[in-house]
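Chemist: First, the structure itself, so that you have it in front of you.
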Ligand code: GLU
């Protein structure tokens, strides 16, 4: 059975780009009698707000999308992510990183990963176990990074719909952060973990997340999680061709609703774009 999901972060109100993504995932499941799940990716305490989490559910329901089972709220599952990190730590595949953003910006010779973040220069990779223990005991805050050289696997690929087997190059991300200083998890870890335990068979999401799939595939291989199929869809743009984004106050479902526009009209508009 096909299982899809919509996994927004509650950092603002849903806009047309989200509506497109959610409708896509919902329709792919419902067309074939499959399951459609809703997951709130709210592990970033600095950006996520409970009122947006409520609004997302209200807006989706108004939009006519129903989901199966309870909503999975990531912030309620932090011990699950810690357990996954413990498994990687036992195999020596992650290490604590004490660097600040400024340290990294100052030392990186400016190469950036596919997500736009500066590639980590590896400063903390070879610290001794005793130095690590001392610094942690002294209360220094740290992130956990994947040791990409030790962790990477050859010949990883995944199924991209309409394209076929797609080769992965997770090394482009360098020693990526799997647990942040302020929260014991990261987007990459949580999304991969949850897709696995929720039994997602088809991940539909926007094309801007396609590079991250290489890394997600590596985490699946390391953790023994299944590899779902992926269908990365185009990004919705505004009249000037610019991608819709929350920070630009892209048209929200709420504002369209307040103007008296129906969900049906929005769906027709999305379909034709
Ligand atoms: N939470 C992510 C976002 O809102 C989407 C994650 C995903 O679909 O894989 O951008």
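Chemist: Give me the residue from segment 5-21 that is touching a strand residue (DSSP E or B) at 6+ places or on another chain (Cβ under 6 Å) and more than 10 Å from the ligand (Cβ to nearest atom) and, out of that set, farthest from residue 201 (Cα to Cα).
Modeler: So, considering only residues that are touching a strand residue (DSSP E or B) at 6+ places or on another chain (Cβ under 6 Å) and more than 10 Å from the ligand (Cβ to nearest atom), the one farthest from residue 201 (Cα to Cα) is 13.
Chemist: Now a separate question. With a cut-off of at least 3 residues that are crowded, with 21+ Cβ neighbours inside 10 Å and free of Cβ contacts under 8 Å to residues at least 60 places away in the same chain, name the strands (runs of 3 or more DSSP E) lying wholly within segment 165-273. Working first, answer last.
Modeler: Numbers: elements: 177-179, 202-206, 229-233.
In segment 165-273, there are no strands (runs of 3 or more DSSP E) which contain 3 or more residues that are crowded, with 21+ Cβ neighbours inside 10 Å and free of Cβ contacts under 8 Å to residues at least 60 places away in the same chain.
Chemist: Filter segment 61-78 down to residues that are within 18 Å of the chain's Cα centre (by Cα) and part of a helix (DSSP H, G or I) and give me whichever is surrounded by the fewest Cβ atoms within 10 Å (Cβ to Cβ). Write out each step before concluding.
Modeler: Step one: list which residues in segment 61-78 are within 18 Å of the chain's Cα centre (by Cα), which gives 71-78.
So of that shortlist, the ones also part of a helix (DSSP H, G or I) come out as 74-78.
Values: 74: 24, 75: 18, 76: 11, 77: 17, 78: 15.
That would be 76.
Chemist: How many residues, within segment 99-131, are under 24 Å from the mean Cα position of the chain (by Cα) and under 19 Å from residue 144 (Cβ atoms)?
Modeler: Total meeting the criteria: 12.
Chemist: Looking only at segment 43-58, count every residue that is within 13 Å of the ligand (Cβ to nearest atom) and either under 22 Å from residue 270 (Cα atoms) or out of contact with any strand residue (DSSP E or B) (no Cβ under 6 Å at 6 or more places or on another chain) (or both) and tell me the total. Show your work before the answer.
Modeler: So the first thing to find is which residues in segment 43-58 are within 13 Å of the ligand (Cβ to nearest atom), and the list is 43-44, 47-48, 52-53, 56.
Those left that are additionally either under 22 Å from residue 270 (Cα atoms) or out of contact with any strand residue (DSSP E or B) (no Cβ under 6 Å at 6 or more places or on another chain) (or both): 43-44, 47-48, 52, 56.
Of the residues in segment 43-58, 6 are within 13 Å of the ligand (Cβ to nearest atom) and either under 22 Å from residue 270 (Cα atoms) or out of contact with any strand residue (DSSP E or B) (no Cβ under 6 Å at 6 or more places or on another chain) (or both).
Chemist: Can you confirm whether residue 29 is over 12 Å from residue 63 (Cβ atoms), over 14 Å from the mean Cα position of the chain (by Cα), assigned to a helix (DSSP H, G or I) and within 9 Å of the ligand (Cβ to nearest atom)?
Modeler: Working: over 12 Å from residue 63 (Cβ atoms): yes; over 14 Å from the mean Cα position of the chain (by Cα): yes; assigned to a helix (DSSP H, G or I): yes; within 9 Å of the ligand (Cβ to nearest atom): no.
In short, no.
Chemist: Hey, can you tell me all the residues within segment 167-192 that are under 18 Å from residue 87 (Cβ atoms), out of contact with any strand residue (DSSP E or B) (no Cβ under 7 Å at 6 or more places or on another chain) and within 12 Å of the ligand (Cβ to nearest atom)?
Modeler: Passing the criteria: 190, 191, 192.
Chemist: Still on this structure, I have one more. Could you list, ordered by first residue, the pairs with Cβ atoms under 8 Å in which the first is in segment 79-100 and part of a helix (DSSP H, G or I) and the second is at pLDDT below 95 and surrounded by fewer than 20 Cβ atoms within 10 Å (Cβ to Cβ), at least 6 apart or interchain?
Modeler: Once the first residue is part of a helix (DSSP H, G or I) and sits in segment 79-100, its partners that are at pLDDT below 95 and surrounded by fewer than 20 Cβ atoms within 10 Å (Cβ to Cβ) give 81/184; 82/184; 85/184.
Chemist: Just a yes or no: is a residue in segment 92-104 closer than 30 Å to residue 204 by Cβ and in contact with a helix residue (DSSP H, G or I) (Cβ under 8 Å, 6 or more places away or on another chain)?
Modeler: Step one: of segment 92-104, the residues closer than 30 Å to residue 204 by Cβ are 93-94.
Cutting the leftovers down to in contact with a helix residue (DSSP H, G or I) (Cβ under 8 Å, 6 or more places away or on another chain) gives us 93-94.
Yes, segment 92-104 has at least one match.
Chemist: Anything in segment 127-154 that is at pLDDT 95 or above, loosely packed, with under 11 Cβ neighbours inside 10 Å and not in a helix (DSSP H, G or I)? List them, or say none.
Modeler: Of all residues in segment 127-154, those at pLDDT 95 or above come to 127-153.
Next cut, loosely packed, with under 11 Cβ neighbours inside 10 Å only: 128-130, 137-139.
Matches in segment 127-154: 128, 138, 139.
The values are calculated or read from the model by the stated rules, or taken from the named source; none is laboratory data. Everything quoted here is computed from the prediction, not taken from an experiment. We place every Cβ from the backbone using ideal geometry, glycine too, and count neighbours over all the protein chains shown.
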